[in-house]
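Report on the following structure.
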Amino acid sequence: MFNFLNEIKQNLKIPQGLDLNGFNLINIAGNLLYVEGHLGLVTLSKQQISFKVRKGVIIVDGEDMILNELSDTTLKICGKIRKVEQI
Amino acid sequence: MKLKNVSKFHICGLNQEKLLNELCTNFTLFEIERVSKNDTFFECSYFDHKKIQKIIKSHRVKIESVSHSGVVPKVMQTLSSYGLMLAILVCGVLYFFQNQYVVQYQVLGTENLSKSEIVSFVKGEFSSKKSEIDTTQIENALIDHFARISFVSCIIKGQTLVLNIKEKLLPTQMYGEFPPLMAQKDGKVTKIELVSGTLRVKVGDIVRKGDVLVEPYTLDASGQLKKVEAKAEILAEVYFEGTAEHYETFVQTFRTGEKRVQSEVLLFGLSIYNFQQEVPFQRYETETEFQNLSKNLFLPFKMKKTMFYELAQETIVSKFEDVEDETVAKAKADAEQKMDSGGEVVDEFYTVRHIGGVTFVNYCIVMEESLCEQPS
């Protein structure tokens with residue numbers, strides 16, 4: 001099946017040795033954040049949603065955020081997204 | 001109503017992230033909204049809601065509410081309404097049982113036969129259960145039992161048994177008791193066109209109203225009398241006569257214009273007050289009128305008014321020659337009043353007779369008209 005993110009990974013000239021298999025994260029217009037490869041929620045509130053990924057935690061700050069969809073590997077966050085940070 | 005089958009949970013408790021992480025390993029959750037530290041709303045597929053409920057309970061998180069939307073939840077809710085289902089079932093059973101029986105009988109086309117007699121016969125002889133009814137049998141039985149029925153058709157429409165009956169014609173209705181053709185007016189026969197029957201008049205005969213014109217039978221070669229409908233077109237000169245009289249001398253009485261009034265108040269027919277003017281006239285005529293003085297029925301006072309009009313007499317002398325045209329016109333108008341609408345005026349004339357100071361004018365209008373109305 002065609003996967004847009006896999007196509008990008010294959011076609012871009014990426015330096016050797018970089019690990020691109022952890023997770024994918026797409027921010028659409030600051031209002032929708034699509035995440036593939038999450039490993040579980042850490043916090044959930046309207047202002048902050050954080051979740052585990054391989055080798056770290058992603059913290060999403062924003063306003064009126066809701067978790068639009070949550071499945072085993074993917075999640076979608078809707079709302080005003082101010083900041084996406086990996087720690 | 002949403003078509004998507006969705007269950008919406010409202011949960012309340014601590015450490016909800018852990019619960020959500022566990023849930024999302026097996027189910028997809030939607031619209032997860034944390035409204036406060038302990039309260040979260042989320043949606044899931046309706047078909048997963050029971051499993052999710054079980055998992056939530058195992059985490060000792062309180063479920064505040066669960067609501068469902070979509071077609072399947074509505075259907076399931078209806079099916080779980082036992083009262084409604086029972087009512088539908090009972091109605092269905094009742095409908096099924098009563099639908100097997102004829103509950104109404106409809107009889108059409110009877111004029112002389114009694115509908116109730118036919119219905120009671122059918123009810124008595126045949127079952128009302130539809131599966132046991134043979135419409136052909138009913139038709140045959142009705143024809144056998146009722147001599148007056150010539151044709152009957154029977155159908156079952158819904159829960160009604162419809163009997164369409166045609167009654168036999170009686171001999172008199174079949175062959176007819178024909179009346180003779182009679183003259184409707186006085187006249188002189190001018191033209192005859194016989195269609196059927198035996199003529200009793202000929203051209204030139206003078207007939208009076210009520211005379212028989214055509215008899216309702218014919219005689220065949222063997223002398224046998226055969227009843228037929230009397231039918232003919234008979235035209236005749238019909239006379240319409242009007243009269244007017246003229247008196248050379250006559251006394252005319254007229255009101256002079258003088259009058260007197262006498263009033264009387266009545267209660268239950270008894271006079272309780274009266275006012276009577278003296279009547280000085282030698283000749284007079286009176287007019288009386290009653291008037292209600294009160295509108296209630298307790299004391300129905302009435303006013304009786306009697307008017308006395310003075311009369312005078314005058315002797316008028318006139319010669320017939322002076323008013324001949326006027327008198328003839330009066331006689332003609334009288335004759336025209338008696339005329340029917342149809343027909344063609346053939347001739348008109350008048351005669352004048354003088355007898356002892358009185359002149360009689362007879363005006364006659366001759367028309368050609370049909371003497372008789374044809375039976376329809």
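The values are calculated or read from the model by the stated rules, or taken from the named source; none is laboratory data. Bear in mind the structure is a predicted one, so any value in this text is a computation, not a measurement. Here the Cβ is made from the backbone with ideal geometry for all residues, glycine too, and neighbour counts use every protein chain on show.
Can you find, within the stretch B:200-220, the residue that is surrounded by the most Cβ atoms within 10 Å (Cβ to Cβ) among those that are within 43 Å of the chain's Cα centre (by Cα) and of a type in the set (V, I, T)? My answer is B:V214. Going residue by residue through the stretch B:68-82, is there one that turns out to be surrounded by 15 or more Cβ atoms within 10 Å (Cβ to Cβ) and within 14 Å of chain A (Cβ to nearest Cβ)? No, that holds for no residue. Of all residues in the stretch B:49-58, none are in a strand (DSSP E or B) and surrounded by 11 or more Cβ atoms within 10 Å (Cβ to Cβ). Among residues of the stretch B:40-61 being closer than 19 Å to A:V42 by Cβ and not hydroxyl-bearing (S, T, Y), the one that is nearest to the other protein chains (Cβ to nearest Cβ) is B:F42.
Considering each of B:F281, B:F250 in turn, give the residue that is outside any strand (DSSP E or B) and either out of contact with any Cys (no Cβ under 7 Å at 6 or more places or on another chain) or over 24 Å from B:T315 (Cβ atoms) (or both).
Answer to the check: B:F281.
Does A:I8 satisfy the condition of being more than 14 Å from chain B (Cβ to nearest Cβ) and part of a strand (DSSP E or B)? In short, no.
Of all residues in the stretch B:129-150, those that are surrounded by 13 or more Cβ atoms within 10 Å (Cβ to Cβ) and either at positive phi or part of a strand (DSSP E or B) (or both) total 1. Within the stretch B:104-120, the set of residues being in contact with a strand residue (DSSP E or B) (Cβ under 7 Å, 6 or more places away or on another chain), part of a loop (DSSP other than H, G, I, E, B) and not aliphatic (A, V, I, L, M) comprises B:G109, B:T110, B:E111, B:N112.
Can you name the number of the only condition in (1) modelled with pLDDT under 90; (2) in contact with a strand residue (DSSP E or B) (Cβ under 9 Å, 6 or more places away or on another chain) that A:N27 fails? Single failed check for A:N27: (1). Selection within the stretch A:25-80: residues that are in a strand (DSSP E or B) and among the hydroxyl-bearing types (S, T, Y). The member of this set that is farthest from the other protein chains (Cβ to nearest Cβ) is A:Y34.
Here B:R148 clears all of (1) farther than 30 Å from B:F121 by Cβ; (2) in contact with a strand residue (DSSP E or B) (Cβ under 7 Å, 6 or more places away or on another chain); (3) in contact (Cβ under 8 Å) with a residue 24 or more places away in the chain except the condition numbered (1). With respect to the stated conditions, B:A312 is surrounded by 13 or more Cβ atoms within 10 Å (Cβ to Cβ), assigned to a strand (DSSP E or B) and modelled with pLDDT of 85 or more.
Looking at B:E326, B:E310, B:E289, just one residue is within 30 Å of B:D186 (Cα to Cα) and among the charged types (D, E, K, R), and that residue is B:E326. Checking every residue in the stretch B:323-346 against the condition of being in contact with an Asp or Glu (Cβ under 9 Å, 6 or more places away or on another chain), part of a strand (DSSP E or B) and touching a residue at least 24 places away in the same chain (Cβ under 8 Å) gives at least one match. Set side by side, the residues B:F126, B:F121 differ, and just one is surrounded by 17 or more Cβ atoms within 10 Å (Cβ to Cβ) and at pLDDT 85 or above, which is B:F126.
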